[in-house]
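Read-outs throughout are calculated quantities, based only on the coordinates presented, and are distinct from any laboratory measurement. Keep in mind that what you see is a predicted model, and the values were worked out from it rather than measured. Methodologically, a virtual Cβ is constructed for each residue, glycine included, from the backbone with ideal geometry; neighbour enumeration extends over all protein chains shown.
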Amino acid sequence: MPSRLKPIVRVLGTASLLLTLGACVNLAPPTKIPPLPVGNAWLTDTSAQTAQALTNLSWRHYFQDADMRRLIGLALEHNRDLRLAVLRVREAEATYRIRRADQLPAIGAQGQGTRARDMAPPLPDQTLVQAKYQAAVGLTNWEIDFWGRVRNLKDAALDEWLASDAARQSVQVALVRQVADAVLSLRELEQRASLARNAVANRRQSLDIFQQRQQVGASSTLELTQVRTLLIQAQSLSAQIEQRRAAARHALALLVGTDPGSQPVTTISLEATPLALLQPGLPADVLLARPDIRAAEYQLRAAHARIGAARAAFLPRISLTSALGTASAELDGLFGSGGRTWLFSPVIEMPIFTAGRLRASLDVAEVRRDMAAATYERNIQIAFREVSDALSARQWLAAQLDIQTRMAQTQVERAALAQLRYDSGAAPYLEVLDAQRDLLNAQQQLVQVRGAWLSSQTALFAALGGGADPAADAPS
């Protein structure tokens, strides 16, 4: 081996040995995941024993409606909240790469030239101007990770990256549900607006008839006023629904993040909106698959790693600076023979008095670990409640839907009988007025309950963790 390469080999061999030794110590406590702070069964009774594989159930398979698929696809591409979540993932990834690079020595090259003039030469035959040129390659202030401080910071950054990606998936789940609910809400308002417009048209026709009857003396002014009141009520309801429909369109456009089109939702009824049937499984199988729960778990792991870094700060810190190069008094002789130089400078730093700063830093890390554990348990409890609420809503809204369907059918029969009684002179028109008003209210409530029942289905899909499609570049 050439003699000029021996110092380089020594430096690299020493660095390899120190890297190996630094990987042997880890002061971070073992990660302890708290047990589920919830029961083993949902609060709402259900006969389901197994769950669909929601981690593999895409929103494209669950939502069978073409409008929902198109608008959800646009939202996933253009929604600004989701875009911010993706950027936060990239930020966490870059931070992780920085921490990972801190484990390895940084090798750099440096060239320097100086010329200086002395006050007087030390010897009569020397000049007043002195020159020195040098070039070197080596390590710069590389910390030898004996106690795992740098490695634990890298592990914490990795867990933060994984947590940010799980948070991105959680934002996506929420966005899919919001868009689906916006479509259902808009379709519900479209159907209610159609019922209101039909009521306005029918009552305007009735008003024309009663005006003609009043002119020939076949009806009283009171009856004409009652018919006009019925028309005004329907017009007021129609205007209110139109205002809500416009607001629903604006909300949908904000969620989508781009122009959803002049007619974002087709005019099919809520009854024709298909959704797949979901059967929940056991809480332990469902809750731990939710992206927000996984994000909290990664945050807990990162907190444990930061405790290891805080513990290592109490111990000596060793850093190494080394260089190998050449030096010469003349620039043209810089790379000539006989000018080789080398530098090997280890530095040991030992904290002696820090006024309690290191102890306080460790206390902060441990408290944040406990906070992360409490956050993990709280998120599980919130998720348990969300699933339970969605299950109970699906169950009781189905019962309400059946009741409201029978109510609407009964009101149709009542309105027809009241009209027959009035036409035969057996009842005043006030009875017809009440029956028609109650019929319109029953029809409106039926549409609202059906929309709420469908919305409970989307809420259950999101609460069970469905729709979290991982990105292609997600960390593994």
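The alpha carbons of the range 151-210 occupy a box of 87, 10, 5 Å along the principal axes, longest dimension given first. Along the range 415-429 the Karplus relation, 6.51 cos²θ - 1.76 cosθ + 1.60 evaluated at θ = phi - 60°, assigns HN-Hα couplings of 5, 5, 5, 5, 5, 5, 5, 5, 5, 8, x, 8, 8, x, 5 Hz to successive residues, with x for each Gly and Pro.
Evaluate Rg over Rh across the range 337-476, taking Cα atoms for both radii and Kirkwood's formula for Rh.
Working: Rg = 35.0 Å, Rh = 22.7 Å.
Taking Rh as the inverse mean 1/r over Cα pairs, Rg/Rh reads 1.54.
Using the average count of surrounding beta-carbon atoms within 10 Å as a protection proxy, the listed peptides 166-175, 359-368, 180-189 rank, highest first, as 180-189, 166-175, 359-368.
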